[in-house]
Each structure stands twice: as structure tokens, then as C-alpha cells.
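So the structure is just underneath, and the comments pick up after that.
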Amino acid sequence: MTARIADLGEGITVDELRLATRNHGMPLEALRYDVTPAGLHYLLIHYDIPFADPSTWRLELPDRVVDLDELRALPRVSRTVTLECAGNGRARLTPRPISQPWLDEAVGCATWTGTPLAPLLDPVPDDAVDVVFTGADHGLDRGVEQDYQRALSVAEAQRGEVLLAYEMNGQPLLPQHGAPVRLIVPGWYGMTHVKWLRRIEFSTEPFRGFQQAVAYRIDDQPVTRIQPRALMIPPGFPDFMSRHRIVEAGHTTLTGRTWSGRAPIIRVEVTTDDLTWHDAKVAPPPERYAWQRWEYGWDARPGDYVLSVRATDADGHQQPVDQPWNSQGMSNNMAQRVPVTVRN
């Protein structure tokens, strides 16, 4: 049940365009915000947006059922977390896997408020292997009818950072972002952060649901934590159709954000000629899983350039310049490329 691969030279299909009108990326100029406004945060919806009345919503836990008021009465914490779609960059692959056609914009960094998951799992059965999360969204994927489900190992689910979130940026979750309650798993790609939660349960065997065992895999390996990435706020101003940038000659400060779900970013490099990489200044993250700001001073001289940026994390993982290909277009983090014309 692999995704279809586009024929050589095949343009974006009507099905992909239909997905692109339902979902949206974050405009790259929104990288200037420390916390992404909810309406600019990237969005991926697999099926339909379920309707849930907060007054009648219930969440099935392993040992009881709770309503929204009961969940809000539990200890309350907020965490600023960068979320990125596992398919970010898919449309830049050759040949292109047919699915949501992301370029670089499937990302956002928001402050999520809710209650830690771990206490709600206590006690954990001795024979439990995975914790399974079921959303209210329901549909078909490659012919398989399903509720959207993902699982975490018991150890991963018990991490103190994992939340059941009911607020985004200080406001109740919007319907498209998983209202009334969603899962937040800092450091993991977005497919793990199950929206519209309705049930959490233990499994005594490794979970083999479609979204775990078939989708979101690279060959036989599951997609898990976010690979290091840096993105640049495109400098200057754009051409309407091509988004090609026009920059005035002189000193220009290039800036953007960087993040990794594996380890903190320790280095960001910029090139203006595809030959020499220059170190940028990298600010520490305000929180472990929030993105970090970087900047680099460029003496822009008249001409045509392709600017590129890449990040390296503390474990030595570095963004590739050329992306290794995989059939689902997952976990792409190739270095961003921004065509620019500098004028007098």
C-alpha cells in the first residue's frame, strides 16, 4: 500500500491541489514571530474536521471517562513546541510521491496548554507495551477505512513533556487544531500529535494500525523525531507568481528559525554561492522544543544568487544539501534554497 509516485515531468495533480486547498503551510515571513499565531500555523487534516460540543465531549481513559471540566481541573502546564509535518518538503523530491504537496512551510511554533499525560496513565499494567490514541476523525486511506490512530511506547508516553492540550496560544483550541483536546508530543513530527482525542488505551502488543504500520514510514522504519532544520525569512520583496526575491544592494541581515526534535541546534550555516558556508549566530531556545532564532550579515552585491541555509544539532545530525529519496516523501530536511536578485 505504497503512495503513488509521479511520472517524470508530471505536474501537481487535481487530487494534490484539492488537498492543498484544505491544508496550508505557514508563510515563511511568519518565521519572525517567536510564537506562531494560530491562523498562520501549518495545518494538515487527514479526513474531515469532526464537530465536538465541549459540553458533551468525553475522553475515554484506561480506567475512567473524563469530561472537559474534569480535565481542566487537573494540574495545568504550558509548553512552547515546534510542530512540523513529516511530509514537509515532499513536493521538492524527484520523482514526487503523490500526497499533500508541501514545500518548506509545513511548520509552526505555538504555546500549548493542558495537563501532563503521565499521571492519567497511572497505574500502568505490567504487560502494557504501547499507549494507543484515537481521534474522532474517520475516513479512508489507500482503501483502508479507519479512525485516525497513533501509538507511543509506554516509556515515551510517560515523558513529562507529553500533554493533553486544550489551549493554543492562550485560547481554546480552534476546531481545525483539534478542539476540544489534542495530544502534544514535543520533539516528534506532527502525525503523532493526535487531534480531536476521544480514547486513550493500553495495548499489550506493538500497535499495528494503518497510520503506524503503513503510513509514516521510511522503508521499514517508523518516522519519529524531527530532523534538524533551519529556514530563512525570504529577504527583500517577492514577485507575485514566482516568489523570486528582489533585494537592494548593501548590508542585509538574513534571519530565520531553526529546530530539531533530536537535540538542540548548535550550528547554522548560510551560503550565497553554493560553495562556501558561513556560520550564523544562533540564539538559545526559549524552551527545549521551541525553535531558535539565527541571523547572518550579508554584504549583498548586484547579481543573481541562490541563498541556502542548513542546521546541525548537538548529536551531529546535519541537514543534507541533497535529500535522500523515499517513497512516501517523509522526514525531508534538505537545505532551503531561496533565489534572489540583488539590484543597485
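Can you run down the residue pairs with Cβ atoms below 9 Å, 6 or more apart or on separate chains, where the first is in region 182-206 and in the same structural domain as A290 (by TED's automatic domain parsing) and the partner is surrounded by fewer than 23 Cβ atoms within 10 Å (Cβ to Cβ)?
none
Give me the residue from region 297-312 that is in contact with a Lys or Arg (Cβ under 8 Å, 6 or more places away or on another chain) and surrounded by fewer than 22 Cβ atoms within 10 Å (Cβ to Cβ) and, out of that set, farthest from S99 (Cα to Cα).
Taking the candidates together, the pick is P302.
How do the pairs read when you match residues in region 264-288 that are in contact (Cβ under 8 Å) with a residue 60 or more places away in the chain with residues anywhere that are surrounded by 13 or more Cβ atoms within 10 Å (Cβ to Cβ) and part of a strand (DSSP E or B), using Cβ under 7 Å and keeping only pairs 6 or more apart or on different chains?
P286/T80; E287/R79; E287/T80
Only one of these conditions is not met by L61: (1) closer than 19 Å to Y216 by Cβ; (2) hydrophobic (A, V, I, L, M, F, W, C); (3) touching a helix residue (DSSP H, G or I) at 6+ places or on another chain (Cβ under 6 Å). Which number is it?
Condition not satisfied by L61: (1).
Sort out which residues of region 58-76 are of a type in the set (V, I, T) and surrounded by 14 or more Cβ atoms within 10 Å (Cβ to Cβ), and write them in order of number.
V66
Report, by residue number, each residue of region 313-336 that is surrounded by fewer than 18 Cβ atoms within 10 Å (Cβ to Cβ) and among the acidic types (D, E).
Hits for region 313-336 are D315, D322.
Can you tell me which condition D7 does not meet? The list is (1) touching a strand residue (DSSP E or B) at 6+ places or on another chain (Cβ under 9 Å); (2) modelled with pLDDT under 95; (3) of a type outside the set (G, A, S), and all the others hold.
Just one mismatch for D7, condition (1).
For region 28-39, does any single residue satisfy the condition of being touching a residue at least 40 places away in the same chain (Cβ under 8 Å), over 23 Å from P284 (Cβ atoms) and surrounded by 15 or more Cβ atoms within 10 Å (Cβ to Cβ)?
yes
In region 270-279, which residues are outside any loop (DSSP other than H, G, I, E, B) and in contact with a Leu (Cβ under 9 Å, 6 or more places away or on another chain)? Don't jump to the end; show me each part of the working.
Of region 270-279, the ones outside any loop (DSSP other than H, G, I, E, B) are 270-271, 278-279.
Selection gives V270, T271.
Given the conditions (1) buried (at least 17 other Cβ atoms within 10 Å of the Cβ); (2) in contact (Cβ under 8 Å) with a residue 60 or more places away in the chain; (3) under 24 Å from D34 (Cβ atoms), report the number of the one that A165 does not fulfil.
Here A165 meets the rest and fails (2).
Tell me which residues, restricted to region 77-103, are among the aliphatic types (A, V, I, L, M) and assigned to a strand (DSSP E or B).
Looking only at region 77-103, we keep the residues that are among the aliphatic types (A, V, I, L, M), and these are 77, 81, 83, 86, 91, 93, 98, 103.
Within region 77-103, V77, V81, L83 meet the criteria.
Take the residues in region 57-76 that are hydrophobic (A, V, I, L, M, F, W, C) and assigned to a loop (DSSP other than H, G, I, E, B), then tell me which one is farthest from F202 (Cα to Cα).
That would be A73.
Let me spell it out: the conditions are (1) at pLDDT 95 or above; (2) crowded, with 17+ Cβ neighbours inside 10 Å, and P97 meets all of them except one. Which number is the exception?
It fails just one condition, (1).
The values are calculated or read from the model by the stated rules, or taken from the named source; none is laboratory data. All figures in this text were calculated on a predicted structure; none of them were measured in a lab. Every residue, glycine among them, receives a Cβ derived from its backbone with ideal geometry; neighbour counts consider all protein chains shown.
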